[in-house]
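Right, one structure below, let's go through it.
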Amino acid sequence: MRIDILTLFPNMMNMFFEESIMKRAQKKGLLEVVFHDLHDYSTTRYGSVDDYPYGGGAGMVMGIEPLAACIEKLQGERAYDDIIYTAPDGEMLSQPMSNELSLKENLMVLCGHYKGVDERIREHFITREISIGDYVLTGGELAAAVICDTVVRLIPGVIGDEQSALSDSFQDGLVAPPEYTRPPEFRGWKVPDVLLSGNHAKIEQWRYEQAVERTRQRRPHLLNEK
Ligand code: ADE
């Protein structure tokens, strides 16, 4: 998968892709991430990409010219499956959405800033608007990093243990059951007997029941959607 990230702060994002699973995915040749500094597409002498909103009001708006120039340059080089814009009023990120995006070849992600982008960018270029929650971030970079993280870990071969990504919370519409590791007892706090029983059918049944119970307590809406 190739991901092109359009941002005002490429350094802020760089760090995240240089560590852990993101780094491993790139080393294995399963992921290519390219940052594009929107300042490089500025049409002003000062390198700015924002402008005052028509109609007045506080805050600045990311202008149409630099954004269109960058998007169109990239579109001239390859076909994109989706051009994503990170925005608090976008579709809420979910596991099914990440699953779907993990099957794509080429993604472009535009990180919003200030008051957002000129609406014509959203109308004419963006194919998908994604929010990571009902709160406002200073910029779209963190949202882009969250989206990429959820997507890249699902690309086959990125996580060593394939089973692990599939047994994550939300993959079967349930949150994950509790997990334990050694020692079997710590300060009198015991690991549930069933997990030490060696009876795999019983363990699976216990995990399923725990997952359903946790989902009922913590994310009841997921059970209603099933
Ligand atoms: N930009 C600012 N806030 C955001 C959010 N909650 N999700 C995605 N992008 C954003």
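The values are calculated or read from the model by the stated rules, or taken from the named source; none is laboratory data. These numbers were taken from a predicted model, which means no experiment stands behind them. Cβ atoms come from the backbone with ideal geometry, glycine included; neighbour counts cover every protein chain shown. SASA here: full protein model, heavy atoms, side chains in, ligands and nucleic acids out. Shrake-Rupley method; radii C 1.70, N 1.55, O 1.52, S 1.80 Å.
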(message) Show me the ranking of peptides 182-191, 18-27 by mean Cβ neighbours inside 10 Å, starting with the highest.
(response) 18-27, 182-191
(message) Just to confirm, what accessible area per residue do you get for the range 45-143 at 1.4 Å probe, in whole Å²?
(response) 54 Å²
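Return the carbon/sulfur percentage of the accessible area of the range 39-109, one whole number, probe 1.4 Å, all protein chains in place.
50 percent
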(message) Using only DSSP helix segments of four residues or longer, with each worth -39500 (n - 2.57), what per-residue ellipticity at 222 nm results for the chain after dividing by its residue count and rounding to 500?
(response) -10500 deg cm²/dmol
(message) Please state the shape class of the range 102-151: rounded when a/c is under 1.5, otherwise prolate if a/b exceeds b/c and oblate if not, all from the C-alpha gyration tensor.
(response) oblate
(request) In whole Å, largest first, what are the principal axis extents of the Cα atoms in the chain? (result) 70, 40, 35
(message) Along the Cα→Cβ direction, 7 angstrom out, place labels at ARG120 and SER167. What is the inter-label distance in nm?
(response) 5.3 nm
(request) Would you please classify the overall shape of the range 150-226 from the alpha carbon gyration tensor, given that a ≥ b ≥ c denote the square roots of the eigenvalues, rounded means a/c under 1.5, and beyond that prolate means a/b larger than b/c while oblate covers the rest? (result) oblate
(request) List the lysines whose Cα lies under 18 Å from the Cα of LYS28, skipping any in the same chain that are fewer than 8 positions away. (result) LYS104
